[in-house]
Amino acid sequence: MSSSTQGLSSVATGSAPAEVISSKEIDASCRWPLLVFFSSAAFWFLFSTVLGLINSIKLHSPNFLAHCPWLTYGRLRPAQTDSFVYGFAAPAAFGVTLWLFCRLGRTRLIAPGFLAMAAKIWNIGVLVGAVGIMAGDGAGFEWLNFPRYASLILFIAYVFIGIWAVLTFKVRQQDQLFPSQWYLLAALFWFAWIYSAANLLLVFSPVRGVVQLCVNAWYASNLLNVWLSVVGVGVIFYFIPKLISRPLHSYYLSLVAFWGIALFGGWSFINTNAPLPSWIPALSSVFTLMMILPIVCVALNVHGTLSGDFKSVRTNPILSFIVFGAFSFLIAQSMNVLSAFRPLNEKLFFTYFTAGQAHWLLQGFFASVAFGAIYYIAPRVIGVDLVQQKSIRRHLLVFVAGVIIYGLALTLGGIVQGANLNNASVPFDEVIKGTLPFLHASTIGSLLLVIAGLLFAVNLSSLCFNCVWGMGKQLVKKGEERP
Amino acid sequence: MSLSWLGLVLGPQLQLGSQAPEMNDKTGQLYPQARAGTAQQGREVYRANGCFSCHSQQVRPQGFGADIERGWGVRRTVAADYLFDSPLMVGSQRIGPDLANIGLRQPDANQLLVHLYNPQITMATGQKSNMPSYPYLFEKRKLGRTISPDALKFPSGFAPEAGYEIVPRVEARVLAEYLRSLHAEVPLIELPSITPGTNAVAETNAPAAAPTNAAQSSATNSPAK
């Protein structure tokens, strides 16, 4: 990889030789902001999955909690998805990005206190947004349902987080870049760009009529299929080689995958017969079909890196999380490509299939990768022993079971629903009846995901507890030694 | 880097961003027209309660899906139908039926309100509605000397216990007005109204090769018995 060029940067700049900073010191500099990012991620994961469980029950028992306006399905569903993306996924992404920039760049995090503050502001934004939706203030756009005042808070917090992350990248002492670094750097700029553009054009100064549909689809696909995908794949490309101590299989495959995602990922989520001039959906499906290229590149690269050491996937639960994430990435993106085919789009658009696709991407891929990364990073930045393998494995099993049950239920349920919906001789009532078994199964999956969220929160807080305990013991020791 | 922005944001904006109502030669009126104030308020209730999480508002052309056959519209919906809609809530889920033309299907406000109060009431016997009820949009009142003029009229067997009436709150009333305002049936030049059963295909979205498209659509259309 890149260790051979260590120290080159100081030669090139001709200034004083760079100090060599130990990994331990780098990790410690990240402690407070990362602790805020990761613990809030754990909280919002639990929050979102609890809402997910309620929603999943409501879909087959519609009168469950129907009396309370704050808990009606139409509000809880956007609150669930948006708190997942902005409350869990984004902070997890920021935390992992910062740490990787520090570690790969061999530099300390600058002004961590300031970042921790920005992280808290971000969380206030998410809280205000989720409460806003439940109070009836949702903006009405998919994946962008937070009311404008919440989006403003998020944006301000992001400006600080983004600038700090880019600065951290700039002060790196290691010139040669590892693919994960430019993946994550690009993602930082990408999010700033899509989030501000979409908010401006939809919420603050809305474009007219169906142009909103285009902007919303553009935002959703850039958010899920580009931003989260680039972050997740970047993290996968760092951790798989790291955990099995082998080089990344191919630099070029990661390059092609990156450009493929960047060029073709932002075009999805438009129904082939949306009320638009025909060139727009046509362009959208053509580009979405080309996502096959990056999918294949990611698959080959992961497989190539792992081959020779598949054993570790089973013995190391952190690696299991990362590899399951990579596997789900392939499923989610393949589902996306499939639904761009005209005949399949006809059957699958408007069904649970699309919800299933988002689930595979958000939970199966992103959350899985984030869990793996956090289990690796958190003990190091807190400065305590690693989490017990047994506890990680327990979380892993429950989580994977939940993802698969919920994912299969929605995917298959959506196919059945779509086939029935498109057959006018099946009355609507029967269409609904056909989905009920799948909806019941999805509730089991949702419940498992809530338990997984609990286990994650427990594992993470036991780390913090160990840290406080350790500090306390040291204090006592010092006190005993003094007199 | 931002190719998709050119294609999905700038391009559409350039083409459609300045779209304006046009004189419709069939009806002799401008189309589309802005909604009346109450319906517009109802739209806000629709947004606030996230009805779009379960209902789409877009009709696909005949030959693509069964939207027209299901009676969800007489023609596909086009860009002009949504000119005044902001935020646009076309929806991407059909957990419930498409509502682009609910105003044509169910013009009766009382029926719509009873359905919102308790969807089960309007279902045929033996059928189960999977839509949540919205009791919080209504008020259960002790009956005064007279019945309130806008109290819900229930089919027999569903009325509340004697001495009480169910009165829609403002939110429910404007929401029903909004639902009644949902109709996209005005025939358009490029899109003559399709009556179910014919095979006319919408021009706006037809692929370049028209003959193959006609063949395709009749192929997908025929088996619907």
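The values are calculated or read from the model by the stated rules, or taken from the named source; none is laboratory data. Bear in mind that the values here come from a model prediction, so they are computed numbers and not experimental data. Cβ sites come from the backbone with ideal geometry, for glycine too, and all protein chains shown count toward neighbours. For accessibility, only protein heavy atoms count, side chains too; no ligands or nucleic acids. Shrake-Rupley method; radii C 1.70, N 1.55, O 1.52, S 1.80 Å.
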For B:Glu22, the residues 5 or more places away or on another chain with a placed amide H closer than 5 Å to its own amide H are B:Tyr31
Suppose each label sits 7 Å from its Cα in the direction of the beta carbon; what would the A:Gln389-B:Leu14 distance come out to in nanometres? 5.9
Under the Karplus relation with 6.51, -1.76 and 1.60 and θ = phi - 60°, whole-Hz ³J(HN,Hα) for the range A:430-442, x at Gly and Pro, equal 6, 4, 5, 4, x, 8, 4, x, 5, 5, 4, 4, 5
Output the Kirkwood hydrodynamic radius of the range A:355-418, Cα pairs only, in Å rounded to one decimal. 13.2
How much of the pair distance distribution for the range A:193-314 lies past 22 Å, counting alpha-carbon pairs only, in percent? 46
Between the range B:137-161 and the range A:272-304, the alpha-carbon center distance in angstrom: 54
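Based on the Cα coordinates of the range A:245-387, what is the per residue volume of their convex hull in Å³?
About 132 Å³ per residue, rounded to a whole number.
Just to confirm, what accessible area per residue do you get for the protein assembly as shown at 1.4 Å probe, in whole Å²?
With all protein chains present, the protein assembly as shown gives 40 Å² per residue.
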The ³J(HN,Hα) series, computed from each phi in the range B:138-150 with the Karplus coefficients 6.51, -1.76 and 1.60 at θ = phi - 60°, rounded to the nearest Hz and given as x for glycine or proline, is 10, 10, 9, 10, 5, 5, x, 5, 10, 6, 4, x, 9
In degrees, nearest ten, helix A:389-421 long axis to first principal axis of chain A (Cα): 20
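In the range A:18-88, what is the volume of the convex hull around the alpha carbon atoms, normalised per residue and reported in Å³? Intermediate values should be presented prior to the final figure.
Working: hull volume 6.6 nm³, N = 71.
In the range A:18-88, the Cα convex hull volume per residue is 94 Å³.
More than 51 angstrom separation, counting every C-alpha pair in the protein assembly as shown; what % is that?
Here the tail beyond 51 Å accounts for 16 percent of pairs.
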Whole-percent carbon and sulfur share, accessible surface of the range A:335-436, 1.4 Å: 66
From the C-alpha gyration tensor of the range A:128-196, pull out the three semi-axes of the equivalent ellipsoid (sqrt of 5λ each), sorted largest to smallest, in whole Å. 32, 12, 8
P(r) for the range A:111-237: what percent of alpha-carbon pairs falls in each 10 Å bin, starting at zero? 12, 36, 35, 13, 3
Which distance in nm do the two modelled labels at A:His440 and A:Met117 give, with both placed 7 Å along the Cα-to-Cβ direction? 5.5
Thinking of the range A:21-176 as a set of Cα atoms, what percent of all their pairs are more than 21 Å apart? 49
Against the longest principal axis of chain A, how steep is helix A:179-198, in degrees 0 to 90 to the nearest 10, with axes from Cα atoms? 50
Given H placed 1.01 Å from N in the peptide plane, which residues other than close sequence neighbours of B:Leu188 have an amide H under 5 Å from its amide H? B:Ser193
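Can you give me the orientation-averaged projected area of the convex hull built on the Cα atoms of the range B:63-105, in nm²?
For the range B:63-105, the mean projected area of the Cα convex hull comes to 3.6 nm².
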In nm², the average projected area of the convex hull spanned by the Cα atoms of the range B:15-112 is 7.7
Could you work out the relative contact order of chain A, using alpha carbon pairs under 8 angstrom and six or more residues apart, expressed as a whole percent? 17
Rounded to the nearest 10 degrees, what's the angle between the helix A:73-82 long axis and the longest principal axis of chain A, both from Cα atoms, 0 to 90? 30
Spin-label model distance (nm) - A:Ser205 vs B:Ala162, 7 Å beyond Cα toward Cβ: 6.5
Hey, what number do you get for chain A at 222 nm if only DSSP H runs of n ≥ 4 count, each worth -39500 (n - 2.57), divided across all residues, to the nearest 500? -24000 deg cm²/dmol
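Leaving ligands, DNA and RNA out of it, rank A:Val36, A:Val215 by accessible area with a 1.4 Å probe, largest first.
From most accessible down to least: A:Val36, A:Val215.
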Please list, ordered by chain and number, the residues whose modelled amide H lies under 5 Å from the amide H of B:Asp67; skip anything fewer than 5 residues away on the same chain. B:Arg60
Accessible surface ranking that places the most exposed of A:Asp27, A:Asp137 first, with a 1.4 angstrom probe: A:Asp137, A:Asp27
Along its principal axes, what span do the Cα atoms of the range A:71-119 show, with the longest given first and each in whole Å? 49, 21, 7
Paramagnetic label zone (point 7 Å from Cα along Cα-to-C-beta, A:Phe155; backbone N under 12 Å) in the range A:167-192: A:192
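Could you estimate the translational diffusion coefficient of the range A:382-483 from the Stokes-Einstein equation, with Rh from the Kirkwood formula over C-alpha pairs, at 4 °C and 1.567 mPa s, in whole µm²/s?
This corresponds to a translational diffusion coefficient of 75 µm²/s.
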Suppose R0 equals 25 Å; then what is the FRET efficiency for A:Val131 and A:Trp193 from their Cβ-Cβ distance, rounded to the nearest 0.05? 0.35
